[in-house]
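K.L.:
Could you have a look at this structure, given as structure tokens, before my questions?
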């Protein structure tokens, strides 16, 4: 049995607590750990931000406990309090797409995959890299293999689209997608790619799984997903092989003419193919053995009339197929096809297409279906959403420039950007209606009304990929105002939904553009504050400090006192995360002093009572981390009175939990128990599943002590 005070065991506890800071319960556990570390070592120690610092702290704690075994009591009590119950287990919920019905040939490739999958474990990861040009069927091969019953994978199949299409997908989001398929709740997922990758490898270590990583585009991108687990077989799907990845290469080339004709016959019927016998050789040549092009050609075989084809498309079968089917479109469908391809929108819907093209939304929905039927669009994740195959988008974009002209294309993009900015601003305000950080939309473009705050947040989540792409588009189009507006609308996603890995590049862009416009503006202050928040959640604390200080400078220079106080508060919360309790307390005092200068008529004056009460709670948390438990209780009890008086049940429950934790720091379980019970009562019915689970665990640990 592992000694709970060994270096390995201590490091494991620190790692588990550090990886669980995505939710409120995780932050409580982290602050509890900071206080216990202070009591054991006898001085304030900076919190570990990476595995190396975590192991160094574990060694220091082990030395202190070995020097004075009485200190083991503090550590064992901590380990019992912050222990996380295992997440629910069960069958994998696979996101693997549906395999196609008419899968043709590829026997050799399937045999290669089966051989690597069944290779005897020898310490080397089992990996195959399926590669081939766009439209050649490499993804279809991997999906088809994964869809077949296979005794080698008793625990199921995981799938993630790494997103070479639609603007790419960050590694952190893809790791989260895999962990969700493993039934890991969002609240139990760590932040940061390194911690997510570690959590993924830990979860699959003893499982028999197939992992399909589609549309990969670099060796660096796929490395966090690779595992030496003996029961895991990973299939990478890419356009070209990555020499630095040690994998079995499975090339996917053109179908032979015989198999190409078999596929066409299966897609249509024998009589249709027979009727086209005279032109079949030229059609097969034009398709180049591409399954995508052959499937698209099935529409041409049944068309009543096909306009003359261009003499050449440079030997690109996908582009040739797109051109052939484009020439069968009605003018409105052709317009949608061209103009929506001007940016790699990850998952656009009929409303976005209508805004861009100026067509009726209902009519546009029918046109998108028509384009999908002709294989000029593909269905994306989410109801009624679409994206382009990369090669098809290249054709559509080039056609738009040629047929519509630069001016019309620029005008269409401007409409798309304006539409996404209006949509985001409206949804953000409805998701956080009381937040001064999300101003209410002005003018006629107020956006649709949503049922409740959760529904508005759901809209932002559904549009997240499009919003980040819109920021890139606005930057490249020389429209910093729209880019900044879009970035400010991301705040509800940061605050309520995480996604920090995915948002970080966009927030960096927004902060830079706001600085270029005016570094002493409220926009610059707000975006640096948003950036500081996300960097803090990702444990990139030095960068977070730089961003928080930039936010404070900008807000102070702009004379925006509420924003200035909030930026200083962010710096205090960062210090709290670093277990630098005394410095955190000083920041909260400074923020309070700034709030005291806000007068009637100043922005944010209506928020003052709640802001002051939150700062009082933060002061209590800072004192607790510093080991000053009596003073901490005084501050927390004052905050509790104000939260109760204002009817703020959620923050009442949070503060009750802080007080219970403080009593447990003092080993006073008798005083902690009623506080825990009161917090549970406050949270009942508020959908605070993980906070309640944490509180019930605290109660159990009290009862067992």
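Each reported figure results from applying straightforward, stated rules to the coordinates on display, with no laboratory input. Being a predicted model, the structure only gives us computed values, none of them experimental. Cβ: placed from backbone, ideal geometry, glycine included. Neighbour counts: every protein chain shown.
K.L.:
In Å and whole numbers, how far do the C-alpha atoms of the range 331-403 stretch along each principal axis, longest first?
P.N.:
Answer, in whole Å and largest first: 29, 24, 20 Å.
K.L.:
If you line up the long axis of helix 689-703 against the longest principal axis of the chain, both from Cα atoms, how many degrees apart are they, to the nearest 10?
P.N.:
Roughly 40 degrees, rounded to the nearest 10.
K.L.:
If you don't mind, there's one more thing I want to ask. Quickly work out the residue 50-to-residue 70 label distance, labels modelled 7 Å from Cα along the C-beta direction, and quote it in nm with one decimal.
P.N.:
3.8
K.L.:
Moving to a separate point now. For the range 7-82, what is Rg from Cα atoms divided by 2.2 N^0.38 Å, rounded to two decimals?
P.N.:
In units of the 2.2 N^0.38 Å rule of thumb, it is 1.00.
K.L.:
Just subtract the alpha-carbon distance of residue 258 and residue 41 from 0.36 nm times their residue separation and send over the number in nm, one decimal.
P.N.:
70.6 nm
K.L.:
May I pose another question? At 20 °C and 1.002 mPa s, grab the translational diffusion coefficient of the chain from Stokes-Einstein with a Kirkwood Rh over Cα pairs, rounded to a whole number in µm² per second.
P.N.:
Working: Rh = 28.2 Å.
So the translational diffusion coefficient is about 76 µm²/s.
K.L.:
Relative contact order for the range 439-523 using alpha-carbon pairs under 8 Å, separation at least 6, rounded to a whole percent? Don't jump to the answer; show the numbers that get you there.
P.N.:
Numbers: 44 pairs, mean separation 22.7, N = 85.
Once divided by the residue count of the range 439-523, the mean separation gives 27 percent.
K.L.:
Could you work out the relative contact order of the chain? I mean the mean sequence separation of Cα pairs under 8 Å and 6+ apart, divided by the number of residues, in percent.
P.N.:
Values: 1129 pairs, mean separation 76.5, N = 705.
After rounding, I find 11 percent.
K.L.:
Something else about it: What distance in nm lies between label points placed 7 Å from Cα along the C-beta direction at residue 114 and residue 450?
P.N.:
Each label point lies 7 Å from its Cα, and together they span 4.9 nm.
K.L.:
Among the DSSP beta bridges whose two residues both lie in the chain, what percent are antiparallel, rounded to the nearest 5? Mind showing how you got there, number by number?
P.N.:
Numbers: 3 of 24 bridges.
Percentage antiparallel, nearest 5: 10.
K.L.:
Over what distance in Å are the Cα centres of the range 609-633 and the range 491-521 separated?
P.N.:
A separation of 29 Å, based on Cα centres.
K.L.:
What full-extension length gain, to one decimal in nm, is calculated for residue 402 and residue 671 as 0.36 nm per residue of separation minus the Cα-Cα distance?
P.N.:
89.3 nm
K.L.:
Along the Cα→Cβ direction, 7 angstrom out, place labels at residue 202 and residue 610. What is the inter-label distance in nm?
P.N.:
Between residue 202 and residue 610, the simple spin-label model gives 3.5 nm.
K.L.:
Considering the zone a paramagnetic label at residue 239 would reach in this model (a point 7 Å from Cα along the Cα-to-Cβ line), which residues of the range 207-232 have amide N under 16 Å from it?
P.N.:
Of the residues in the range 207-232, 214-221 have backbone N under 16 Å from the label point off residue 239.
K.L.:
Follow-up. Mind checking the angle between helix 72-82 and the chain's longest principal axis? C-alpha axes, 0 to 90 degrees, to the nearest 10.
P.N.:
Its long axis makes an angle of about 50 degrees.
K.L.:
Compute the angle between helix 107-117 and the longest alpha-carbon principal axis of the chain, please, reported from 0 to 90 degrees and rounded to the nearest 10.
P.N.:
Rounded to the nearest ten degrees, it is 20.
K.L.:
Determine the equivalent ellipsoid of the range 405-517 by diagonalising the alpha-carbon gyration tensor, then write out the semi-axes as square roots of 5 times the eigenvalues, largest first, rounded to whole Å. Could the numbers behind the result be given before it?
P.N.:
Working: eigenvalues 98, 55, 32 Å².
Equivalent ellipsoid semi-axes, largest first: 22, 17, 13 Å.
K.L.:
On a full-extension model of 0.36 nm per residue, what is the gain between residue 95 and residue 8, subtracting their alpha-carbon distance, rounded to one decimal in nm? Numbers along the way, then the final one.
P.N.:
Values: separation 87, 0.36 × 87 = 31.32 nm, distance 3.53 nm.
Computed gain between residue 95 and residue 8 is 27.8 nm.
K.L.:
Size of the range 107-251 along its principal axes in angstrom, Cα-based, largest extent first?
P.N.:
Cα extents, longest axis first: 43, 35, 27 Å.
K.L.:
Could you list 589, 261, 537 in order of exposure, starting from the residue whose Cβ has the fewest other Cβ atoms within 10 Å?
P.N.:
On the way: 589 14, 261 18, 537 21.
Ascending Cβ contact count within 10 Å gives the list 589, 261, 537.
K.L.:
For every helix of n ≥ 4 consecutive DSSP H residues, a contribution of -39,500 (n - 2.57) applies; sum these over the chain, divide by its total residues, and give [θ] at 222 nm rounded to the nearest 500 deg cm²/dmol. The partial results should precede the final answer.
P.N.:
Values: 33 runs with 428 residues, N = 705.
Helix-only estimate at 222 nm: -19000 deg cm²/dmol.
K.L.:
Same structure, new question: Over the range 331-403, what is the relative contact order in percent, taking alpha-carbon pairs closer than 8 angstrom and at least six residues apart? Write down the numbers at each step before the final one.
P.N.:
Details: 89 pairs, mean separation 28.5, N = 73.
Dividing the mean separation by the residue count of the range 331-403 yields 39 percent.
K.L.:
Moving to a separate point now. Take the alpha carbon atoms of the range 364-397, find their center, do the same for the range 410-458, and report the distance between the two centers in whole angstrom.
P.N.:
25
K.L.:
Follow-up. Test of understanding: ordering 406, 10, 100, 235 by Cβ neighbours within 10 Å, fewest first, what list do you get? Numbers along the way, then the final one.
P.N.:
Numbers: 406 9, 10 26, 100 14, 235 29.
Lowest count first: 406, 100, 10, 235.
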